[in-house]
Number of protein chains: 2
Amino acid sequence: MTEENAIRMFKCLADKSRLQILKSLAVEDMYVELLAERLNLTPATISFHLRKLSEIDAVKSYKTQYYTMYSLCQDTFAVKILDILKEQSDEADLQEKREQAYRKKVIDAFFEYGKLKSIPAQRKKERIVLEEIAKAFQPGRIYSEREVNILIADFHDDFCTIRRDMISERLMDRDERGYWLIPQ
Amino acid sequence: MTEENAIRMFKCLADKSRLQILKSLAVEDMYVELLAERLNLTPATISFHLRKLSEIDAVKSYKTQYYTMYSLCQDTFAVKILDILKEQSDEADLQEKREQAYRKKVIDAFFEYGKLKSIPAQRKKERIVLEEIAKAFQPGRIYSEREVNILIADFHDDFCTIRRDMISERLMDRDERGYWLIPQ
DNA sequence: ATTTTAATTAGATATATATATAATTAATTA
DNA sequence: TAATTAATTATATATATATCTAATTAAAAT
């Protein structure tokens, strides 16, 4: 189900009158005027709602003598909400891709031949650069300051600034034993 | 789940931004500003939505260093929509009860000692009375006009009017073989 | 203590929509 | 064919709400 369809479905369900219509039809098929009487609304209003409901295949109708009977399409609702939320969304993918593309752009701009050309001034960009450098460290392991300096120096001469910013950005933490990565 | 709660839940799901938030949180926990960036909205707007979402226990939050992380409450959504529709609703019960009470009132008013005192002038009331009389007939069986008259005469002398109205109200149908109940 | 920054709240605005009345259509009965 | 009636559509209105900017709060860093 597309995100758009999910929203259309939830919009239909998010209305007292429509929910009552669906609940009534879950018990038995009914025609417009009967629903109008039960819900204490005009037939016009019921028609309006049934149209919306049929647009999302929530109900279908058939003629019987005088009346147009409406019935619930149970299949449409035989879904767990959580499954809908977990369906991968094109939107989310797009967001993810945009983010990754942006990171790549920043990294390409500031790294050359594996070296950091300069430390970004914008915090957001520096953060990305620091996260890239953090990959050189093993999660869980404790490093001496000297070891940290050496690893960072592979990227840039100013290991002091970078080491300090790793701390302030909460990518690493330290105590008297040494430095370690904070799991993100 | 009460009907009111169901509506509150569906209202939350029926919005593009909130659905995207939930979908993002279904993948991993996130903080306000990150969501704002991913959805291209202001943090204020994200806050607004997260508040609504937490009101229905869709998300919960925990502090971590700088940020308030939000996570999805999966339990809340581990439900089939159809099950919600089939939960018996107080509203529907009320409607049903009101309808039954009204029928009883009409029947009590027009019947006495199993006899019909008079034929209701209002169509709606006559319909109820006719449905009551129709119970004297077996579904599926074909009756001669004479048999029909006798059965109706148990209720009221004017079996002609009642027999005719049974037809016009589509409670019975007829052809050259005789009369029979139309299943309602 | 001061500054910074993430998060929330307040207030304003614009859009969406549920509902009713009135008009129209479609189908059945007389 | 005319009359009745169920259902739908058109139009208008009032309410709800998603979003923004600006202000405030809360927490952390300097």
Given labels modelled 7 Å from the Cα in the Cβ direction, how far is it in nm from A:Asn40 to A:Gln184? 5.7
So which trypsin sites (Lys or Arg not before Pro) in the stretch A:79-148 end up in coil per DSSP with only 14 or fewer other C-beta atoms within 10 Å? A:Lys117, A:Lys135, A:Arg141
Quarter of the surface of the C-alpha convex hull for the stretch A:1-154, i.e. direction-averaged projected area in nm², equals 15.3
0 to 90° range, to nearest 10: angle between helix A:16-27 axis and chain A longest Cα axis: 60
Could I have the simple spin-label model distance between A:Arg174 and A:Ser54, label points 7 Å from Cα toward Cβ, reported in nm to one decimal? 7.2
List residues of the stretch A:90-110, by number, whose backbone nitrogen lies under 16 Å from a label position 7 Å along Cα→C-beta of A:Gln122. A:98-110
If I model the protein assembly as shown as equal point scatterers sitting on the Cα atoms and use the Debye formula, what is log10 I(q)/I(0) at q = 0.06, 0.07, 0.12 Å⁻¹? -0.45, -0.54, -0.98
Here FRET efficiency (C-beta to C-beta, A:Arg146 to A:Lys63, R₀ 56 Å, nearest 0.05) is 0.05
Once you mark the chymotrypsin sites (Phe, Trp or Tyr not before Pro) that are in a DSSP loop and have at most 12 other Cβ atoms within 10 Å, what is the longest gap between them in chain B? B:114-184
Please identify the GluC sites (Glu not before Pro) of the stretch B:112-184 that satisfy two criteria: DSSP loop assignment and at most 10 other Cβ atoms within 10 Å. Which are they? B:Glu176
Just checking the output field for B:87-93: average partner chain Cβ neighbours within 10 Å of each residue's Cβ? 4
So which GluC sites (Glu not before Pro) in the stretch B:1-36 are both in a DSSP loop and have at most 13 other Cβ atoms within 10 Å of their Cβ? B:Glu28
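Every number here is computed from the coordinates shown, using simple stated rules; none is lab data. On a predicted model such as this, the values are computed, not experimentally measured, just so you know. Cβ coordinates were reconstructed from backbone atoms using ideal geometry, including for glycine residues, and neighbour counts include every protein chain displayed.
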